[in-house]
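Take a look at the structure set out below.
The values are calculated or read from the model by the stated rules, or taken from the named source; none is laboratory data. Please read all numbers here as calculations on a predicted model, not as lab measurements. Ideal geometry is used to build each Cβ from the backbone, glycine not excepted, and the neighbour counts take in all protein chains shown. When the accessible area is computed, the model is the full protein with side chains, heavy atoms only, and any ligands, DNA or RNA have been set aside. Shrake-Rupley method; radii C 1.70, N 1.55, O 1.52, S 1.80 Å.
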Amino acid sequence: MRSRTASAETSEGRQEMAPRGATERAELLREEGAVLRLPEGPTLSPQDVAIEVAGEGETMIINMGPQHPSTHGVLRVMMELDGETVVRSKPVIGYLHTGMEKTAEDLMYIQGSTNVTRMDYLANFFNENVYSMAVEQLLGIEVPPRATWIRMLLCELNRMSSHLLFMATNGMDVGALSMMIYGWRERELVLAFFEKVTGLRMNHNFIRPGGVAADLPAGWRDDVKQICNLIEPRLDEYDELLTGQPIFQERTQGVGVLTPEQAVALSATGPILRSTGVEWDLRRDMPYQYYDQLEFDVIVGQYGDAFDRYAIRLNEIRESIKLVRQIIELVPGGDYRTQDKKVTPPPRARIDESMEALIHHFKLFTEGFRVPAGEVYVPIESPRGELGCYLVSDGSAKPFRLHIRAPSFANLQTLPVMLRGGLIADAVAIISSIDPVMGDVDR
Amino acid sequence: MSDEAETPTEATAAPEPETLHGCPVTWSAGQQVLHVPRERYSEVMLALAGEGFDLCSDLCAVDYAGSSSRSLPDGISAERFEVVVNLTSMRHRRRVRVRVQVPDADPVVPSLFAVWPGTEAMEREAWDMLGVAFDGHPDLTRILMPDDWEGHPLRKDYPVGRVPVQFKATARAAADRSGTKGA
Amino acid sequence: MAGLGDLRHNFLTGTVEELVKWARKNSVWPNTFGLACCAIEMMATGAANYDISRFGMEVFRASPRQADLMIVAGRVSQKMAPVLRQVYDQMMEPKWVISMGVCASSGGMFNNYAIVQGVDQIVPVDVYAPGCPPNPETLLHSILTLHAKIQSGEITRRREATGRGAGIEVAEVLPTGGDAREAPVPVGTPS
C-alpha cells in the first residue's frame, strides 16, 4: 500500500518524498488524466504530456513549513525544485489535527456548536450555521424566520471579515505590508459588532440548533449600517492600493493558473472555482435559507490566477455589503429561537414558577435532546467554498458521526497543480491565494 | 448476503422500490440516497459521472459498529463500515449520496481517483481515520495523523484518548505532597 | 532628579545587570509561531488597533534563531509537538514562552487523542494567557506580565537555581488513552 520512498537524512530530520516514477503518473493523472474522464473535457493521455525536468540527481527537495510565516498556520509543502522552478510539490497536512470529529461524537447536540465553531476559525458562524441546519433537518423542526435572518446577517458579516483578513494576509504575503494594517483595521469593525452580539470576537457558539443564543442588541441596525458605510469607501482605497498597482499585478497575474476542468475535477469550490470562470455559488444555485429572496451577483473570474482570486474576494465583500443592507431591512420580529420545548430551554422566569419547566431545563442540560435516527448532508457556501456537514444520528442525544466537508481541505488539492512549473517565489502568492485555514483543513 | 450482521436491516417499506442504475434508492430528509453494492461501486460511479455528476463534493467513511438504528433497503446487508460519497451535478443542480457497505473483514473499496481526482485527499483521510482502504489509490498514506501512528482514531473501538481532568502535578510536587523527598 | 540639566553630560547610573534586564524587557522579539485561532488574535494584536509595537515587540521574526519569545498560539497536536520543540530548541537564550489560550495551556476543550494536553509538557512556559481565544487585551496583559518578570529577574533566577526552565519535569511520558501509541513526544530536559 505504501509506495517505496526516497529519503535523505538531513540536519532537520529525515526528508522523504516518493520516487519520481511512483508519483509522476499520479501527478499527471491528477492534472490531465482526470480531465479526460469528464464528458466534455479535452482528451489527453498521460503519455502525451511531456514535462522537461532535470535528471533525478539534479533537483533539490525543499521543505516549506510547518513553521513558516506565509503558510497560513501550519501547512507544510514539500517542493522539488529544478533551479528556481517547482517540478513537483506535495502539501503535508495534519499539524493542526484536533480530533474534532471524534470529540463531536462525545458531545451532546446542544454542545456541538462549541466544537464545530473552532474548525474554520475565520468563518465561525458558517460552521455553527451548517451544523445547526443539519441537526434541525434531522429533528424536522422549523426555525423561526427571525432566527434564520439573524443567521444570514451574521454569516454575511462574517464573510466580510474573513475576506478582509484575506486582503490583509494576501497583501502581506506578496509584500504589500500596508495592506496588512488596513485589512485588520476594517476587520476590527466587524469583530466589535460580533463581540457586542455574541460576547466573543471569535468562536462565538451563537448559532445553535433551534435558533440563535440571544436576540440582537438594541441599536444593531445602526451599528450594521455604520459598518457598511465605513467599509464600502475603504474598499475603493484597496482598489487604488492594490488592484491597479503594477507591482501587485506583476506579482499575481498569471500566477497559479487553474483551468475550470482542473478545478471541478479536484473538487475545488468557492473563489478558487469561480476564478476559473465557473459560475457556481450555492447561495444562488442551490439556495438555502432565504437567499432566494435577495439580490446579489456571483462574482466570477476569467483567468483562474491569483489576481482573479483576489479580485473575486474583494468584490464579494461588496456583494456582502449589498446583502447585509437588504437583510437589515428584512429581519422580521418574532422569536429568535424555536419554541419547541424539547429543544429550547425554557426562559429563566418560567423555571421559578413551573415544575415542568424546571424538569425540561434539567433534562435538556444533563441529557440533551434526542435526535431521530437518520443521516443528512447539508452544504452551504462559506467564504472558502462549499462547507458541508454530514451528520449521522442513531437516535441518541449525541451524534453518531459528524463529518465536516471542509472547503479548505478540498481546495488545498489544487496546490500541486498551481505550483507546478512556477517559480518558488510565486509559491507564497499561490498558497496565499487559496486562503486555506488550517483549522478547517485538519479539523 | 449471508453475513451475520449484528444490526437488523429494516426495509424502508416503500410501496414501489425506487432504483437508479439498478441500485435501491431511499430518501433521507429530502435527499436522494443510493445504496450501491460494493462489487458494482466503480461501475455505478462511472455511470453517475457520465450522467452529469461532475463534482465530487465529499467522501467520508462511517463506522457503524454498535449501531442498531440503521435502516437499509431490501437487498443491502449491513456491514460495519460505510463509505459515503456526496456527488453534485452542477448542470442539473442536483445532489445524490452514495452509500456503500464495506465489511470489517475486508475493508477495501475501489478508489474513485480516476473518476474524480479530488477524492485523493478525502480517500486518504478515510483511510487514516477509519482504516478503509481504497484499491487503486496512488498514494494511500496517512494524511492527518503522524506516519507512525497506530490505529485509526475515528473507529468506534478506538478510545477518545481522554486524559482525566485533574491538576497534573509535576513529579516533584507529587513527591512533596506525599511527604517524600523531592526527586 | 533636579539639577540634571546643570550637568555637563547627562548620565544614568545603574548596575549592568539591571540595564541588561531593562534592555531585554523592551526588545522582546516574538517568533511567528501561529497555530490556530489564537494566531489570528496574535496577529490582531500586532495590527493597528492594538499595536504591539508600543512594547517594542512588533518585529515578529520568522526565524527562531532571531527570536526571544515563542507565543504558542493555539492547540498543539501530537504531530506538531516535535516541530514545536525543535523550534524552541533553535531559539537563542535567553528565551521565553507564552502559552496563549486554553488549548495551549491545558488542551482546552479538546481532551482527546490528537491534542497535547498542555504545551508545558514540551517546553517550559513562563506566562499562561487564558481565554478561547484570548482577546488582544489579554495577550497584551500577559506580555506585560512577562516584561515584569524579565525586569525583576525572576525567571533567570529560577532557571539558574533549578536548571530546569520553568520547573517542569519533562521526562515523564505523556499520558495517553487506551491503545494510543506510547511516548508520542520526544521530550528532553531544557537547558
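In the set B:Thr170, B:Thr88, which member is on the phi < 0 side of the Ramachandran plot and either charged (D, E, K, R) or at pLDDT 85 or above (or both)? Before the answer, list the steps.
On the way: B:Thr170 fails: either charged (D, E, K, R) or at pLDDT 85 or above (or both).
It is B:Thr88.
Out of (1) at pLDDT 75 or above; (2) touching a helix residue (DSSP H, G or I) at 6+ places or on another chain (Cβ under 8 Å); (3) at positive phi, what's the single condition that is false for A:Val74?
Against the list (1) at pLDDT 75 or above; (2) touching a helix residue (DSSP H, G or I) at 6+ places or on another chain (Cβ under 8 Å); (3) at positive phi, A:Val74 comes up short only on (3).
Please verify whether the stretch A:240-249 includes one or more residues that are part of a helix (DSSP H, G or I), of a type outside the set (Gly, Ala, Ser) and buried (at least 21 other Cβ atoms within 10 Å of the Cβ). Walk me through it before giving the result.
Looking only at the stretch A:240-249, we keep the residues that are part of a helix (DSSP H, G or I), and these are A:240-243, A:246-249.
Among the residues that remain, those that are also of a type outside the set (Gly, Ala, Ser) are: A:240-243, A:246-249.
Retained after the next criterion (residues that are buried (at least 21 other Cβ atoms within 10 Å of the Cβ)): A:242, A:248.
Looking through the stretch A:240-249, at least one residue is part of a helix (DSSP H, G or I), of a type outside the set (Gly, Ala, Ser) and buried (at least 21 other Cβ atoms within 10 Å of the Cβ).
Please count how many residues of the stretch A:173-203 are open to solvent by 10 Å² or more (accessible area, probe 1.4 Å), within 20 Å of the chain's Cα centre (by Cα) and in contact (Cβ under 8 Å) with a residue 40 or more places away in the chain.
Of the residues in the stretch A:173-203, 1 are open to solvent by 10 Å² or more (accessible area, probe 1.4 Å), within 20 Å of the chain's Cα centre (by Cα) and in contact (Cβ under 8 Å) with a residue 40 or more places away in the chain.
Given (1) facing chain B (nearest Cβ under 9 Å); (2) β-branched (Val, Ile, Thr); (3) out of contact with any strand residue (DSSP E or B) (no Cβ under 8 Å at 6 or more places or on another chain), where does A:Val392 come up short, assuming only one miss?
(3)
May I ask you to list the residues in the stretch C:38-59 that are assigned to a helix (DSSP H, G or I), without any contact (Cβ under 8 Å) to a residue 24 or more places away in the chain and hydrophobic (A, V, I, L, M, F, W, C)?
Just the residues of the stretch C:38-59 that are assigned to a helix (DSSP H, G or I), to begin with: C:38-46, C:52-55.
Right, trim to without any contact (Cβ under 8 Å) to a residue 24 or more places away in the chain and you get C:43, C:46, C:53-54.
C:Met43 - this is the single residue of the stretch C:38-59 that is assigned to a helix (DSSP H, G or I), without any contact (Cβ under 8 Å) to a residue 24 or more places away in the chain and hydrophobic (A, V, I, L, M, F, W, C).
Looking only at the stretch B:52-81, which residues are facing another protein chain (nearest Cβ under 9 Å) and of a type in the set (D, E, K, R)?
B:Asp54, B:Asp58, B:Asp63, B:Arg70
For the stretch B:38-136, list the strands (runs of 3 or more DSSP E) that sit wholly inside it and hold at least 1 residues that are surrounded by fewer than 23 Cβ atoms within 10 Å (Cβ to Cβ); which are they? Steps first, please.
Working: elements: B:55-63, B:81-89, B:94-102, B:108-110, B:133-135.
Those strands (runs of 3 or more DSSP E) span B:81-89, B:94-102, B:108-110, B:133-135.
Among the residues of the stretch A:281-298, which ones are hydroxyl-bearing (Ser, Thr, Tyr) and either out of contact with any strand residue (DSSP E or B) (no Cβ under 8 Å at 6 or more places or on another chain) or free of Cβ contacts under 8 Å to residues at least 60 places away in the same chain (or both)? Walk me through how you get there before you give the answer.
Just the residues of the stretch A:281-298 that are hydroxyl-bearing (Ser, Thr, Tyr), to begin with: A:288, A:290-291.
Correct list: A:Tyr290, A:Tyr291.
Just to verify a result, which residue in the stretch A:402-443, among those that are touching a Pro at 6+ places or on another chain (Cβ under 8 Å) and not in a helix (DSSP H, G or I), is nearest to B:Glu125 (Cα to Cα)?
The extreme case among them is A:Arg405.
What is the number of the single condition among (1) touching a residue at least 60 places away in the same chain (Cβ under 8 Å); (2) small (Gly, Ala, Ser); (3) in a loop (DSSP other than H, G, I, E, B) that A:Gly254 does not meet?
Tallying (1) touching a residue at least 60 places away in the same chain (Cβ under 8 Å); (2) small (Gly, Ala, Ser); (3) in a loop (DSSP other than H, G, I, E, B), A:Gly254 fails exactly one: (1).
Report, ordered by the first and then the second residue, all pairs with beta carbons closer than 6 Å, sequence separation of six or more or different chains, a first member in the stretch B:56-80 that is more than 21 Å from A:Gly395 (Cα to Cα), and a second member that is assigned to a loop (DSSP other than H, G, I, E, B).
So the pair list comes out as B:Cys56/A:Ser267; B:Cys56/B:Trp116; B:Cys56/B:Gly118; B:Asp74/B:Ala11.
Return the total of residues in the stretch C:91-113 being in a helix (DSSP H, G or I) and in contact with a Lys or Arg (Cβ under 6 Å, 6 or more places away or on another chain). Break it down stepwise before answering.
Of the residues in the stretch C:91-113, the ones in a helix (DSSP H, G or I) are C:101-106.
From what is left, the residues that are in contact with a Lys or Arg (Cβ under 6 Å, 6 or more places away or on another chain) are C:103.
Summing the residues that are in a helix (DSSP H, G or I) and in contact with a Lys or Arg (Cβ under 6 Å, 6 or more places away or on another chain) in the stretch C:91-113 gives 1.
Please state which one of A:Phe125, A:Phe166 is open to solvent by less than 10 Å² (accessible area, probe 1.4 Å) and in contact with a His (Cβ under 7 Å, 6 or more places away or on another chain). Before the answer, list the steps.
On the way: A:Phe166 fails: in contact with a His (Cβ under 7 Å, 6 or more places away or on another chain).
Answer to the check: A:Phe125.
Test B:Thr26 against the criterion of being within 11 Å of chain A (Cβ to nearest Cβ) and open to solvent by 10 Å² or more (accessible area, probe 1.4 Å), and give yes or no. Full working, then the answer.
On the way: within 11 Å of chain A (Cβ to nearest Cβ): yes; open to solvent by 10 Å² or more (accessible area, probe 1.4 Å): yes.
Against the criterion (within 11 Å of chain A (Cβ to nearest Cβ) and open to solvent by 10 Å² or more (accessible area, probe 1.4 Å)), B:Thr26 qualifies.
Just to check your reading of the model, which residue among C:Pro133, C:Pro124, C:Pro82 is over 25 Å from A:Met179 (Cα atoms) and not in a helix (DSSP H, G or I)?
Values: C:Pro133 fails: over 25 Å from A:Met179 (Cα atoms); C:Pro82 fails: not in a helix (DSSP H, G or I).
Selected residue: C:Pro124, the only one of C:Pro133, C:Pro124, C:Pro82 that is over 25 Å from A:Met179 (Cα atoms) and not in a helix (DSSP H, G or I).
Can you list the helices (runs of 4 or more DSSP H) found entirely within the stretch A:299-386 that contain at least 1 residues being under 30 Å from A:Ala429 (Cβ atoms), without any contact (Cβ under 8 Å) to a residue 24 or more places away in the chain and open to solvent by 20 Å² or more (accessible area, probe 1.4 Å)?
Values: elements: A:306-330, A:348-353, A:355-366.
Answer list for the stretch A:299-386: A:306-330.
In the stretch B:89-127, how many residues are more than 8 Å from chain A (Cβ to nearest Cβ) and in contact with a Phe, Trp or Tyr (Cβ under 9 Å, 6 or more places away or on another chain)? Can you show your working first?
First, the residues of the stretch B:89-127 that are more than 8 Å from chain A (Cβ to nearest Cβ): B:89, B:91-92, B:94, B:96, B:98-112, B:123-124, B:126-127.
Applying the additional criterion that residues be in contact with a Phe, Trp or Tyr (Cβ under 9 Å, 6 or more places away or on another chain) yields B:89, B:92, B:94, B:96, B:98, B:100-104, B:107-112, B:123-124, B:126-127.
Count: 20.
Taking the stated definitions as given, is A:Arg159 under 14 Å from the mean Cα position of the chain (by Cα), surrounded by 23 or more Cβ atoms within 10 Å (Cβ to Cβ), in a helix (DSSP H, G or I) and not small (Gly, Ala, Ser)? Quick ask: steps written out before the conclusion?
Numbers: under 14 Å from the mean Cα position of the chain (by Cα): yes; surrounded by 23 or more Cβ atoms within 10 Å (Cβ to Cβ): yes; in a helix (DSSP H, G or I): yes; not small (Gly, Ala, Ser): yes.
Spelling it out, A:Arg159 is indeed under 14 Å from the mean Cα position of the chain (by Cα), surrounded by 23 or more Cβ atoms within 10 Å (Cβ to Cβ), in a helix (DSSP H, G or I) and not small (Gly, Ala, Ser).
If you check C:Tyr128 against the conditions, is it touching a helix residue (DSSP H, G or I) at 6+ places or on another chain (Cβ under 9 Å), surrounded by fewer than 23 Cβ atoms within 10 Å (Cβ to Cβ) and closer than 15 Å to C:Gly74 by Cα? Reasoning before the result, please.
Numbers: touching a helix residue (DSSP H, G or I) at 6+ places or on another chain (Cβ under 9 Å): yes; surrounded by fewer than 23 Cβ atoms within 10 Å (Cβ to Cβ): yes; closer than 15 Å to C:Gly74 by Cα: yes.
So C:Tyr128 fits the description; yes.
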